[in-house]
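Worksheet: one structure, shown below.
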Amino acid sequence: PRSTLFPYTTLFRSRPSGVEVVFDFSLRPVRDEHGDVVLIVPEGRDITDRKRVEQAAQHHQERYRLLFERTTDGIWLASQDGRFVDVNPAACRMLGYSHDEHVRLTVTDLIRPEDHAKLGDLMARLAAGGKVTDVWDIRRADGSYVPIELSHAFTPDGLWQANGRDITV
């Protein structure tokens, strides 16, 4: 079997330009028919572009997380069947649920029973590619309802996103 020994990644500063280049080095043993190592082949790959893409993705994810966590509007992410996937701290404060309590709930747990038909109409409009802004009475943890103006849309990966604010304040 061929396996890699001693993987090692390092950063070099190219001369004379001073550009940083990332290399991935490894030593790969070559074995004979008895499984004995007869040769070790050094390998090196320039992985600079891959590292830059990974770093850019990480920065993008960190920026998104900061926006999600610090905005004063509530943000709810749910599957298309109405199960919450994530909510931001503002949504938790607005409704009085902890994050863990909130993601155990479904959308139908939070709306008035008489609004269930309205929910079906909303989902049909979103499925047709629409973006909808409307007002819903949403149940707080204490059982009271608060009117929240919500802007709904599907995310590129198919989640239902609703951004909203309490309109009583």
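The values are calculated or read from the model by the stated rules, or taken from the named source; none is laboratory data. On a predicted model such as this, the values are computed, not experimentally measured, just so you know. Here Cβ is always computed from backbone atoms with ideal geometry, including for glycine, and neighbour counts include all displayed protein chains. Note: areas computed on protein heavy atoms with side chains; ligands, DNA, RNA excluded. Shrake-Rupley method; radii C 1.70, N 1.55, O 1.52, S 1.80 Å.
Among all residue pairs at least 6 apart or on different chains, which show Cβ distances below 8 Å where the first residue, located in segment 48-63, is on the phi > 0 side of the Ramachandran plot and the second is surrounded by 10 or more Cβ atoms within 10 Å (Cβ to Cβ) and part of a helix (DSSP H, G or I)?
Listed by first residue and then by second, the contacts come to nothing, as the list is empty.
Please indicate, with yes or no, whether at least one residue in segment 20-39 is in contact with a strand residue (DSSP E or B) (Cβ under 8 Å, 6 or more places away or on another chain), open to solvent by less than 90 Å² (accessible area, probe 1.4 Å) and under 22 Å from PRO156 (Cα atoms).
No; the residues of segment 20-39 include none that is in contact with a strand residue (DSSP E or B) (Cβ under 8 Å, 6 or more places away or on another chain), open to solvent by less than 90 Å² (accessible area, probe 1.4 Å) and under 22 Å from PRO156 (Cα atoms).
When the residues of segment 94-111 are filtered to those that are outside any loop (DSSP other than H, G, I, E, B) and more than 16 Å from LEU150 (Cβ to Cβ), which remaining residue is most open to solvent (accessible area, probe 1.4 Å)?
Once the filter is applied, the top-ranked residue is ARG104.
Only one of (1) of a type in the set (Lys, Arg); (2) modelled with pLDDT under 95; (3) out of contact with any strand residue (DSSP E or B) (no Cβ under 7 Å at 6 or more places or on another chain) is not met by LYS131, so which one is it?
Unmet condition: (3).
Looking at the structure I just gave you, is ASP157 open to solvent by 30 Å² or more (accessible area, probe 1.4 Å), under 13 Å from GLN80 (Cα atoms) and either among the β-branched types (Val, Ile, Thr) or not in a strand (DSSP E or B) (or both)?
yes
Restricted to segment 120-163, and to residues that are touching an Asp or Glu at 6+ places or on another chain (Cβ under 8 Å) and polar (S, T, N, Q), which residue is farthest from HIS102 (Cα to Cα)?
THR133
Which condition number in (1) in a helix (DSSP H, G or I); (2) modelled with pLDDT of 95 or more; (3) within 25 Å of THR168 (Cβ to Cβ) is the one that PRO147 fails?
The single condition PRO147 does not satisfy is (1).
If I filter segment 112-138 down to residues being of a type in the set (Asp, Glu) and in a helix (DSSP H, G or I), which single residue comes out as surrounded by the fewest Cβ atoms within 10 Å (Cβ to Cβ)?
Among those residues, the one meeting the criterion is GLU114.
Of all the strands (runs of 3 or more DSSP E) wholly in segment 1-93, which have at least 1 residues that are within 30 Å of LEU110 (Cα to Cα) and modelled with pLDDT of 80 or more?
Here the list reads 74-78, 84-87.
Does GLY82 satisfy the criteria of being small (Gly, Ala, Ser) and crowded, with 18+ Cβ neighbours inside 10 Å?
no
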